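The values are calculated or read from the model by the stated rules, or taken from the named source; none is laboratory data. Just so we're clear, the structure is a prediction, and the values are computed from it rather than from any experiment. Here the Cβ positions follow ideal geometry from the backbone for every residue, glycine too, while neighbour counts run over all protein chains shown. Remember, those area values only see protein heavy atoms, side chains included, never the ligands or the DNA or RNA. Shrake-Rupley method; radii C 1.70, N 1.55, O 1.52, S 1.80 Å.
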Amino acid sequence: MEKKVEILAYHGWGINADFWNNLASVIPDDIPLKPANRGYFGKPFYPRFDADTKFRVVFTHSYGLHWSNSAVLSKADLLVIFNGFGDFHPSDEKLKSVSEKGLEAMIKGFDADPEHVLKSFYRNCFHPSEFKSEIPSGLNKELLLEDLKALRGTRFPLIDLDFGSTMVAIDSAEDKILLEPRGENMLDGHYNKKSVKIFENEGHALPFINPKDCWSYLCSIIPIFERYENNR
């Protein structure tokens, strides 16, 4: 009998749970993907693993790693970090300066015209794709601005999650939000099984724009995913 697998997924800043729809559509139906919702648009939702789940998986994208539930993360057998970061700003001094100036401009502009800032963010987020993202209804300006400001000094010490799980970091070479891949550095101190992958010619919204290649890669390194895929 196959192990029961569940995936909980946490989206990044400025997005909602719909971000995971494309990836969910390429995953076998018997692997449920439960997307959390931060509450930037619509009501917040924090899913939990079923009691009888045997293989617990968490997907995070970008800032999703930072607002995901630590109790849930500590139960995961597999943590997949798409376009993630510990510190939002890069370590390279030139890139750090560009990142800091960009963030402060977003914070300053958001208070006056949040929709303009979001539209600009979406262009960079989905680059180099031509995908046009509409702003969902029910905008929670206060929470969006609060989390945007938190990026000034946020960090995520993955060493705190070094509990024996497998960790996978998937990055994009053309990421205009993070400016450089962070996966290798993020997982450098992880002493258990880990994998790092950089997708060329892809941007920050990688799992939304290219879900098939993301899933194929995960199937190639995670045996239980491959087994489910072969049983479609």
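Which of the residues belonging to the stretch 200-214 are more than 14 Å from the chain's Cα centre (by Cα) and either surrounded by fewer than 19 Cβ atoms within 10 Å (Cβ to Cβ) or closer than 17 Å to V57 by Cα (or both)?
E200, N201, K212, D213
Test D50 against the stated conditions and say whether it is outside any helix (DSSP H, G or I), over 13 Å from the mean Cα position of the chain (by Cα) and modelled with pLDDT under 95. Show your work before the answer.
On the way: outside any helix (DSSP H, G or I): yes; over 13 Å from the mean Cα position of the chain (by Cα): yes; modelled with pLDDT under 95: yes.
It is true that D50 is outside any helix (DSSP H, G or I), over 13 Å from the mean Cα position of the chain (by Cα) and modelled with pLDDT under 95.
In the stretch 87-128, what count of residues is obtained for those that are buried (at least 18 other Cβ atoms within 10 Å of the Cβ) and small (G, A, S)?
Summing the residues that are buried (at least 18 other Cβ atoms within 10 Å of the Cβ) and small (G, A, S) in the stretch 87-128 gives 1.
Go through the residues of the stretch 55-65 one by one and say whether even a single one is out of contact with any Lys or Arg (no Cβ under 9 Å at 6 or more places or on another chain), open to solvent by 40 Å² or more (accessible area, probe 1.4 Å) and either outside any strand (DSSP E or B) or modelled with pLDDT of 95 or more (or both). Explain how you work it out, then say what you get.
Within the stretch 55-65, the subset out of contact with any Lys or Arg (no Cβ under 9 Å at 6 or more places or on another chain) is 57, 59-62, 65.
Right, trim to open to solvent by 40 Å² or more (accessible area, probe 1.4 Å) and you get none.
No; the residues of the stretch 55-65 include none that is out of contact with any Lys or Arg (no Cβ under 9 Å at 6 or more places or on another chain), open to solvent by 40 Å² or more (accessible area, probe 1.4 Å) and either outside any strand (DSSP E or B) or modelled with pLDDT of 95 or more (or both).
Can you name the number of the only condition in (1) among the β-branched types (V, I, T); (2) under 21 Å from D92 (Cα atoms); (3) modelled with pLDDT of 95 or more that I209 fails?
Every listed condition holds for I209 apart from (2).
Which of the residues that make up the stretch 28-39 are open to solvent by less than 40 Å² (accessible area, probe 1.4 Å), out of contact with any Pro (no Cβ under 8 Å at 6 or more places or on another chain) and part of a loop (DSSP other than H, G, I, E, B)?
Result: P28, I31, G39.
I'm told I177 meets every condition in (1) surrounded by 20 or more Cβ atoms within 10 Å (Cβ to Cβ); (2) modelled with pLDDT under 95; (3) of a type in the set (A, V, I, L, M, F, W, C) except one. Can you identify the failing condition by its number?
If we test I177 against (1) surrounded by 20 or more Cβ atoms within 10 Å (Cβ to Cβ); (2) modelled with pLDDT under 95; (3) of a type in the set (A, V, I, L, M, F, W, C), just (2) comes out false.
Since T166 meets every condition but one in (1) crowded, with 19+ Cβ neighbours inside 10 Å; (2) modelled with pLDDT under 95; (3) closer than 23 Å to E6 by Cβ, which condition does it not meet?
T166 satisfies every listed condition except (1).
In the stretch 66-75, what count of residues is obtained for those that are more than 24 Å from S172 (Cα to Cα), touching a residue at least 60 places away in the same chain (Cβ under 8 Å) and either open to solvent by less than 50 Å² (accessible area, probe 1.4 Å) or in a strand (DSSP E or B) (or both)?
Counting residues in the stretch 66-75 that are more than 24 Å from S172 (Cα to Cα), touching a residue at least 60 places away in the same chain (Cβ under 8 Å) and either open to solvent by less than 50 Å² (accessible area, probe 1.4 Å) or in a strand (DSSP E or B) (or both) gives 1.
Among the residues of the stretch 45-54, which ones are more than 18 Å from S165 (Cα to Cα), surrounded by 14 or more Cβ atoms within 10 Å (Cβ to Cβ) and not aromatic (F, W, Y)?
The answer is P47, and nothing else.
Answer yes or no: is there a residue in the stretch 138-146 that is open to solvent by less than 60 Å² (accessible area, probe 1.4 Å) and under 20 Å from H89 (Cβ atoms).
Within the stretch 138-146, one or more residues are open to solvent by less than 60 Å² (accessible area, probe 1.4 Å) and under 20 Å from H89 (Cβ atoms).
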